[in-house]
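Asker: Would you mind keeping the following structure in view while I ask a few things?
The values are calculated or read from the model by the stated rules, or taken from the named source; none is laboratory data. The structure displayed is predicted, hence computed values, not measured ones. Using ideal geometry, Cβ is built from the backbone for each residue, glycine included, and neighbour counts are taken over all protein chains shown. All accessible areas refer to the heavy atoms of the entire protein, side chains included, with ligands and DNA or RNA removed. Shrake-Rupley method; radii C 1.70, N 1.55, O 1.52, S 1.80 Å.
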Amino acid sequence: MAQQHPNVLAEDPRPMFFPVANAGNLGLFPPPDRHGQSLRTWVRALAGMQKEAFVISGATGLVWRLVSDEGLYLAGHDVGPCPLSFLTTGMVSSHMNEITALAKARGIDIGNIRLTIDNYYTMEGSAAQGTMTGGALAPELTAEIDATADRAILHNLVAQAVDASPITGLLRGSHTSRFALVHNGREIETRSVTALEVPAHPDPGDKFDRAVVSGREVASQPIRKLVEAERVDARPGGVNTSLQDRQSRTLHVQGVCTLRDDGVKEIEQRLFSPIGSTFQYLSDEAPRFGGRGLAPDAATYMSAGIGFCFMTQFGRYARIVRKDLQDYRIVQDTHFSVGGASGGTGLAGRADAVETHVYLQTGEDDEFAQITLDMGEQTCFLHAFCRTDLKPKVRLMAGVAA
């Protein structure tokens, strides 16, 4: 049976999710802007599969602290959402932004609207043999819309809104992620992954412990658990199954997005495979993009998801091969365009390859650090999402089912 680690998140007196007040004093600054939305994400491992992140958006100046955990399938405590759910939440929130903005621009009156996105990922091979590889499949978006416009007009609206979403910049084409590696305080060469052509950023160090909760107005409980996952043993997707050396499975994450009366997006995230709990997310864009900043925006969730998923692979690989990985952190830069409709550019979504600085503290040699980085990229579902050319499948349904 896998070892159960301390539940660090449950012991932290701060809220799990909060805007950070003292970002400047902590040295939390965004990367230079490229396409309109450039974000920097700091992530550190806590204990077991628990992780903590700060995400700052250069477009808005807002900084959010977010956390992630895993369910019983990875011997986690399940007190926070899994990494993949953040990307799904950001994606469906981004699509909602563009559909509603484009409808307004075209004078299409939408009554009720519900978007459901289904994301699928694959894992094949053996970690010990170095063959385990993560994959990503095309997202499936179902739009249920109450509107007076005819079906052809609505279908065109949804299709063009999806193209305008910033996340489409990562979906279309192949984006090879780039990395820098620091092992036990020394920057070393990478092995198989594509290297960054700049020196590694400074190690995040103790920034995380010194974050102060901002007093600005935010929504109550931007993320909360709705339904506890059932404990399932000796079945695919059940207890400890994601810690097995050999994998051949498909993962399924779903996000269902609706609009509250105050314009805040409410997303119900469900993890069908492996078997996970259901969480509710709130998402709101900053005032610059038509919201009030009451909850994390779409790009913040997407960036956090990529970082959290990548970090999970380090811890999982080290546990499977029984190597000494004492601590690990990353600093990750993501670059998106603003929404083609919500940002007023009229352009399709754009994004650059993800750039990540990795910090590993181990009792092992440099070769282990290099292999760990290689396996982290190779098994990360969301780096696979970036390097795979994916065309979303879009389905329109008239009306919103009860």
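Asker: Could you state the accessible area per residue of the chain in Å², with a 1.4 Å probe and every protein chain left in place?
Answerer: Computed with neighbouring chains in place, this is 39 Å² per residue.
Asker: Assuming a ≥ b ≥ c are the square roots of the Cα gyration tensor eigenvalues, decide whether the stretch 348-402 counts as rounded (a/c under 1.5), prolate (otherwise, with a/b larger than b/c) or oblate.
Answerer: Here the stretch 348-402 falls in the prolate category.
Asker: Continuing with this model, one more query. What's the carbon and sulfur percent of the chain's accessible surface, probe 1.4 angstrom, rounded to a whole number?
Answerer: C and S atoms contribute 48 percent here.
Asker: Can you pull out the trypsin sites (Lys or Arg not before Pro) in the stretch 177-232 whose DSSP state is coil and whose Cβ has at most 13 other Cβ atoms within 10 Å?
Answerer: Taking the stretch 177-232 and a limit of 13 other Cβ atoms within 10 Å, the loop trypsin sites (Lys or Arg not before Pro) found are R216, R231.
Asker: Below 30 Å, Cα to Cα, which lysines can K323 reach? Residues fewer than 8 away in the same chain don't count.
Answerer: Counting by Cα, and skipping residues close in sequence, K323 has these lysines nearby: K51, K207.
Asker: Using the charge dipole of the chain (Lys, Arg: +1 at Cβ; Asp, Glu: -1 at Cβ; taken about the Cα centre), state which of P287, A398, S94 has its Cα farthest towards the positive end.
Answerer: A398
Asker: Give me the number: length gained by fully extending D206 to H155, i.e. 0.36 nm times residue separation minus the C-alpha to C-alpha distance, one decimal in nm.
Answerer: Length gained between D206 and H155: 13.4 nm.
Asker: Mind running the shape call on the chain? Use the C-alpha gyration tensor, a ≥ b ≥ c as the square roots of the eigenvalues: rounded below 1.5 for a/c, prolate if a/b tops b/c, oblate otherwise.
Answerer: Numbers: a/c = 1.58, a/b = 1.41, b/c = 1.12.
Prolate, since a/c reaches 1.5 and a/b exceeds b/c.
Asker: Then there is this: How do the peptides 243-252, 164-173 rank, highest first, by the average count of neighbouring beta carbon atoms within 10 Å per residue?
Answerer: The densest-packed peptide leads the list: 164-173, 243-252.
Asker: If you place +1 on the Cβ of every Lys and Arg and -1 on the Cβ of every Asp and Glu, how big does the dipole about the Cα centre of the stretch 200-240 come out, in debye to the nearest 20?
Answerer: Working: 7 positive and 7 negative charges, 27 e Å.
Once rounded to the nearest 20, the dipole reads 140 debye.
Asker: Please give the helix 298-321 orientation as an angle from the longest Cα principal axis of the chain, in degrees from 0 to 90, rounded to the nearest 10.
Answerer: 30 degrees
Asker: Spelling out what I want: for every residue of the stretch 344-356, take phi, set θ = phi - 60°, compute 6.51 cos²θ - 1.76 cosθ + 1.60 (Karplus), and round to whole Hz; glycine and proline get x.
Answerer: Each residue's phi maps through the Karplus curve to give x, 8, x, 9, 5, x, 10, 7, 9, 4, 6, 10, 9 Hz.
Asker: How large is ³J(HN,Hα) for each residue in the stretch 387-396, as worked out from phi by the Karplus curve 6.51 cos²θ - 1.76 cosθ + 1.60 (θ = phi - 60°), to whole Hz, x for Gly and Pro?
Answerer: 8, 10, 6, 10, 10, x, 9, 10, 10, 10
Asker: Follow-up. Among F17, A351, M375, whose Cα projects farthest towards the positive end of the dipole of the chain, with charges put on the beta-carbon of Lys, Arg (+1) and Asp, Glu (-1)?
Answerer: A351
Asker: Nothing charged except the Cβ atoms of Lys and Arg (+1) and of Asp and Glu (-1): what's the magnitude of the dipole of the chain about its Cα centre? Round to the nearest 20 debye.
Answerer: 480 debye
Asker: Let me ask something else about it. Could you please put S273, S174, S38 in sequence from largest to smallest accessible area, using a 1.4 Å probe?
Answerer: S174, S273, S38
Asker: When we measure straight from the Cα of K391, which aspartates and glutamates land under 19 angstrom away, once same-chain ones fewer than 8 places off are left out?
Answerer: The qualifying aspartates and glutamates are E98, D118, E140, D163, D352.
Asker: If you don't mind, another one. Could you tell me how many degrees, from 0 to 90 and to the nearest 10, lie between the Cα long axis of helix 83-105 and the main elongation axis, the longest principal axis, of the Cα atoms of the chain?
Answerer: Helix 83-105 sits roughly 20 degrees off the main axis of the chain.
Asker: Moving on. Scan around V212 for amide H atoms under 5 Å from its own, H built in the peptide plane at 1.01 Å from N, and keep only partners 5 or more places away or cross-chain.
Answerer: Excluding prolines and chain starts, which carry no amide H, the hits are A21, N22.
Asker: Now, a different point. In whole Hz, what ³J(HN,Hα) sequence does the stretch 153-160 give by Karplus (6.51, -1.76, 1.60; θ = phi - 60°), x for Gly and Pro?
Answerer: So the Karplus estimates, Gly and Pro as x, are 5, 5, 5, 5, 4, 5, 4, 6 Hz.
Asker: Give me the dipole magnitude in Debye, nearest 20, for the stretch 257-402 about the Cα centre, with unit charges on the beta carbon: positive for Lys and Arg, negative for Asp and Glu.
Answerer: Using Cβ point charges on Lys, Arg, Asp and Glu, the stretch 257-402 gives about 660 debye.
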